1. Please give, to one decimal in nm, the separation of the simple spin-label points placed at ASP282 and ASP249, each 7 Å out from Cα toward the Cβ.
2. Out of VAL325, VAL211, GLY194, whose Cα points farthest toward the positive end of the dipole of the chain (charges: +1 Lys, Arg; -1 Asp, Glu; placed on Cβ)?
3. Taking the mean number of other Cβ atoms within 10 Å as a proxy for protection, how do you rank 290-297, 107-114, 255-262 from highest to lowest?
4. With each label point set 7 Å from Cα along the Cα-Cβ vector, what nm distance links ALA223 and ASP158?
5. Assuming 0.36 nm per residue, please report the length gained on full extension of the stretch GLN182 to LYS210 beyond their Cα-Cα distance.
6. Looking at the chain, which longest stretch skips every one of the GluC sites (Glu not before Pro) that is in a DSSP loop with at most 10 other Cβ atoms within 10 Å, leaving the sites themselves out?
7. Going 7 Å from the Cα of ALA241 along its beta-carbon direction, which residues of the stretch 314-329 have the amide nitrogen within less than 16 Å of the resulting point?
8. Dividing the alpha-carbon Rg of the stretch 1-157 by 2.2 N^0.38 Å yields what?
Amino acid sequence: MSTPSARFSRITGTGSFLPPQRVTNAELAEQLARDGIETSDDWIVERTGIRARHFAAPEMASSDLAVQAARHALEAAGRKPEEIDLIIVATSTPDMVFPSTACIVQRKLGAFGGAAFDVQAVCSGFVYGLAVADSMIRTGLASKALVIGSEVFSRILDFKDRTTCVLFGDGAGAVVLEASDQPGVLASELHADGRHVEILCTPGTVSGGKVLGDPLLKMDGQAVFKLAVGVLESAARAVLAKAGRSDADIDWLIPHQANIRIMQGTARKLKMPADKLVVTVDEHGNTSAASIPLALDVAVRKGQVKRGDTVMLEGVGGGFTWGAVLLDF
Ligand code: UT7
């Protein structure tokens, strides 16, 4: 009797989409000044590394950005929408309370019949979604998945709060993840600590036909910063140990793009040279669940990340949530 061959998952295509409106720090500062809110390009660049972000037009929903990113990923993978049997959308800015943005994406793509659901893990959402899709593929529950991170964070920003509104942007990134007899995804780590719900949240909810509570983003930046630095190192070390690899094996580090100082700190702890750190926060701002697949796609299309390279993806954000996926691209 022959033993069945091992089943892994592997990324076969990446894609991304940014809404056309690009807003520089200077333009945003000018807009905020009209409401008496003071900020500057210098402060934003020095504290975060952000120089610009993209904002979606009012009629554009997360599903619209997701569909564009998904089409690019499908094209790169040489796949048609009808071949996809799993769609996971990581988002904290869904089109509706329900159904899931993934179902809306499925309809817009014309990829009917497979499973479709959203993952809500804020800025760790893409890493969560990728780890879930990998598990589903390895157990035979799916064979060709679209994993998408898509956000319109501009909708939940408080433009009277300079400590948060300068940080975030809109966008989407996607990967096609397929069953393969070669890995692919080598190991994953997912974590949460719900004791820290309040440090990064959008506390409003819908009840009785009204929005109850404040539906705008709140963040204790310093508390998030401190937690992020610690967990990004521990998640990276844990996933390397699980995969039987070491720091030296990582070709590219693609952390959640929130703040250049956090990203560079993580790279230093992993003894990685600065040119192995993929940086898009300067041009995208923090796009929450979209930031990692957006950065991955930019790096692939620039010719940085190549087939066979070992890539560390790391997410961290509201929940408090964090996680890492180590993969051979
Ligand atoms: O996506 C999920 C993960 N999120 C993150 O990883 C975010 C983590 N946190 C951070 O990235 C940083 O904490 C921030 C970028 C949010 C803030 O940087 P910071 O170096 O921690 O600054 P701070 O909060 O200590 O503020 C320093 C000063 C304060 O003024 P005083 O008290 O020193 O007079 C703030 O009021 O900067 C002031 N400030 C600003 N000034 C100009 C805060 N926001 C602004 C602003 N423009 N936009």
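1. With each label point 7 Å from Cα toward Cβ, the separation is 3.1 nm.
2. VAL325
3. 290-297, 255-262, 107-114
4. So the label points at ALA223 and ASP158 sit 1.3 nm apart.
5. 5.0 nm
6. Segment 60-329 is the longest.
7. Backbone N within reach: 323-326.
8. 1.25
The values are calculated or read from the model by the stated rules, or taken from the named source; none is laboratory data. In this text, all values refer to a predicted model and were calculated from it rather than measured experimentally. A quick note on method: Cβ atoms are made from the backbone with ideal geometry, for glycine too, and the neighbour counts reach across all protein chains shown. Calculation scope for accessible area: heavy atoms of the full protein, side chains included, ligands and nucleic acids excluded. Shrake-Rupley method; radii C 1.70, N 1.55, O 1.52, S 1.80 Å.
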